[in-house]
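Coordinate-derived values only; no laboratory data. Just so we're clear, the structure is a prediction, and the values are computed from it rather than from any experiment. When we count neighbours, we look across all protein chains shown, and the Cβ atoms used for this are built from the backbone with ideal geometry, even at glycine.
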Amino acid sequence: MNLENKKTLNQSKNAEDIYPDFGTETSEQTAARNAKNFKFSNNRGIAAIEKYFKFDTLGATMKKELWGGLATFLSLVYILSLNPTILSGSESVVNPEETMSYFGIFLATAIASGIASIVMGLFANVPIAVSTSMGMNAMFTFNIANQGVGNQGIGYEGALIVVLISSIIFTIISITPLRSVIIKAMPKGLMIAFAIGIGFFITYVGLANMGWYQSNGSIPIAALASFKTNFIPILLGMGCLGIILTLHFKKVPGAVAIGILVMAIIAVILANTLPNSHALVSGEGALANSNFRLEGNGWSYNFKGFSTNLENTWSQFANAKIWTNPITYVSIFVFVIMNFFDATGTIAAMSNQLNRYTNQHHEIPHKALVIDSGATVVGALLGTSPVNSYVESGAGIQQGARTGLAAILNGILFFVAIALFPIFKAIPVCVSGAACVYIGMMMISELKDVEWKKPEFALSTFLVIIFMITTYSIAEGIAIGIISYVFVMAVTKRAREVGLVMWTLAVLFIIYWIALAFMQV
């Protein structure tokens, strides 16, 4: 065998480690082969579940669905700690000294995520978990509710009203054919670019959560943090990643879940061994949530805070300060745009990944789009920031999740997390961050599918990756990707090939950035 053939064979083996090789087999042939080899359970209840979720044609197994669902949940459980931490800094429009209840936000996040994930799995039959969106929660607090010096914002009450109105508009767009029309109008090359960009983004999020980078509030800065200060969370995160990769290469099912569970136990032991005065286990330390000796980490629940958040919001619905502030209307527009492309890009990326594993070539499920948008309304009514599909679902898909059963398990675990609040809160983000890095590594394998010789896709892919990472926003990356694609097509005298939808989106994103300027402090 010559050197070139060995190289090709090695590349093929490496690709197979990430995605299975179906050769020239069509999606129908794969489905038929799966159905032929599948044996339904002798238990009637389990068999009914397998038939409903189409285990036979998708090549799913109960064990892999449960492992995949657990892997996804453990990859995104950090949101139950991070979202309350960010939103609880939101001031009241009546009294800036009063802020949202931490546990009230936690409860709203868990309930909204649980309902949305179960509905997603039950009716859309996709293994995509749903929870509150990172990025939009920071905008909720810092750019809408508080608005810097002089209390220029509209308070958390106004911010929740903005979330509700924008969510209703987003849902109307999703129910109508408009959302599907926009998705179909996007070139495949752009959709691949978005998936790759999200892969790099989630890797960056994971590394930041491990403690590798400095941060400005909740936003990481692309500069190395002090290893002297952060070496413990970094080692915990890298140790978790090492376990995940070792198990992955050995093809052990549930690699992500096992890695997170092992390192979470070590983190809890370490956090409860170090002195309470240690920076890592006190205040906002990386392992503070894992320290059960700290006040607030015990078995206490402030259910009154949940009702207070909602009561205060509805009591301020007629507050003139909210409706006379331009931030209200600019925020509604920005949230609609961010919701649309954050969710659409994520669902598209997850659907593409799922198709690669199952050799199915289904379009993005319309039901998934509608459920995703409806979840944002539910979240607003419960008292939390916008809810979206999660890219961490890729961890479950990679671990074998193929059907909505994995999403249902996620929803159930969100409800369980309410009772086990201190335990789930104890998993430090430095450990769950390893799962994000692993997901990103899997997703960027699609770099080989980019048409690099076509400037409209080469430039767009490059800018999507850079912008998603540096702006810490999926929506910003999608915006620059669409604008750059239209620009290249125009300057290369192929403007007529772009289409009205893409031109409209490019203009809307330019308007979006102008509107965003009025929101920034």
**Request:** Order these peptides, 331-338, 450-457, by their mean beta-carbon neighbour count within 10 angstrom, highest first.
**Result:** 331-338, 450-457
**Message:** Taking amide H atoms as placed 1.01 Å from N in the peptide plane, list the residues 5 or more away in sequence, or in a different chain, whose amide H sits under 5 Å from that of residue 41.
**Reply:** 47
**Item:** Whether segment 299-398 is rounded, prolate or oblate, judged on the alpha carbon gyration tensor where a/c under 1.5 counts as rounded
**Value:** oblate
**Message:** Given the options 375, 398, 477, identify the residue whose Cα lies farthest towards the positive end of the charge dipole of the chain (+1 on Cβ of Lys, Arg; -1 on Cβ of Asp, Glu).
**Reply:** 398
**Request:** Calculate, in nm to one decimal, what residue 308 and residue 37 gain on full extension: separation in residues at 0.36 nm each, minus their alpha carbon distance.
**Result:** 92.1 nm
**Prompt:** Once the piece of chain linking residue 508 and residue 123 is laid out straight, how much longer is it, given 0.36 nm per residue of separation minus the C-alpha distance between them?
**Reply:** 135.4 nm
**Request:** Highest first, please rank the peptides 22-29, 352-359, 63-70, 495-502 by the mean number of other Cβ atoms sitting within 10 Å of their residues.
**Result:** 63-70, 352-359, 495-502, 22-29
**Request:** Take each of the peptides 468-480, 436-448, average the number of other beta-carbon atoms within 10 Å over its residues, and list them starting from the highest.
**Result:** 468-480, 436-448
**FRET efficiency, residue 447 to residue 412 (Cβ-Cβ, R0 41 Å, nearest 0.05)** = 0.70
**Item:** Separation of alpha-carbon centers, segment 249-287 and segment 50-106, rounded to whole Å
**Value:** 19 Å
**Item:** Given charges at Cβ of Lys, Arg, Asp, Glu: the chain dipole, positive-most of 199, 331, 387
**Value:** 199
**Asked** In whole Hz, what ³J(HN,Hα) sequence does segment 225-230 give by Karplus (6.51, -1.76, 1.60; θ = phi - 60°), x for Gly and Pro?
**Response** 7, 6, 5, 4, 7, 9
**Item:** Under 18 Å from the Cα of residue 184 - lysines, other chains or at least 8 residues apart
**Value:** 367
**Prompt:** On full extension of the chain, what length is gained from residue 229 through residue 46, given 0.36 nm per residue of separation minus the C-alpha to C-alpha distance?
**Reply:** 60.9 nm
**Prompt:** Can you give me the relative contact order of segment 466-521 as a percent, contacts being Cα pairs under 8 Å and 6 or more apart?
**Reply:** 25 percent
**Complete:** Simple SL model, points at 7 angstrom along Cα→Cβ for residue 495 and residue 97; separation in nm is 6.0 nm
**Request:** Note down the net charge around residue 163, summing +1 for each Lys or Arg and -1 for each Asp or Glu among other residues with Cβ under 15 Å from its Cβ.
**Result:** -3
**Fill in**
Excluding residues fewer than 8 positions from residue 63 in its own chain, the lysines with Cα under 20 Å of it are 36, 39, 51, 54, 250, 251
**Complete:** Which of (1) 34, 29, 24; (2) 44, 26, 22; (3) 55, 24, 19 gives semi-axes √(5λ) of the Cα gyration tensor in Å as computed here? It is (1)
**Fill in**
Once normalised by the length of the chain, the mean sequence separation of its alpha carbon contacts under 8 Å that are 6 or more apart gives a contact order in percent of 31 percent
**Asked** PRE reach from residue 321 (point 7 Å along Cα→Cβ): which of segment 74-97 fall under 13 Å by backbone N?
**Response** 91-97
**Fill in**
Two pseudo-spin positions, 7 Å from Cα along C-beta at residue 366 and at residue 517, lie apart in nanometres by 3.9 nm
**Request:** May I ask you to sort 88, 226, 174, 290 by Cβ crowding, counting other Cβ atoms within 10 Å and putting the fewest first?
**Result:** 226, 88, 174, 290
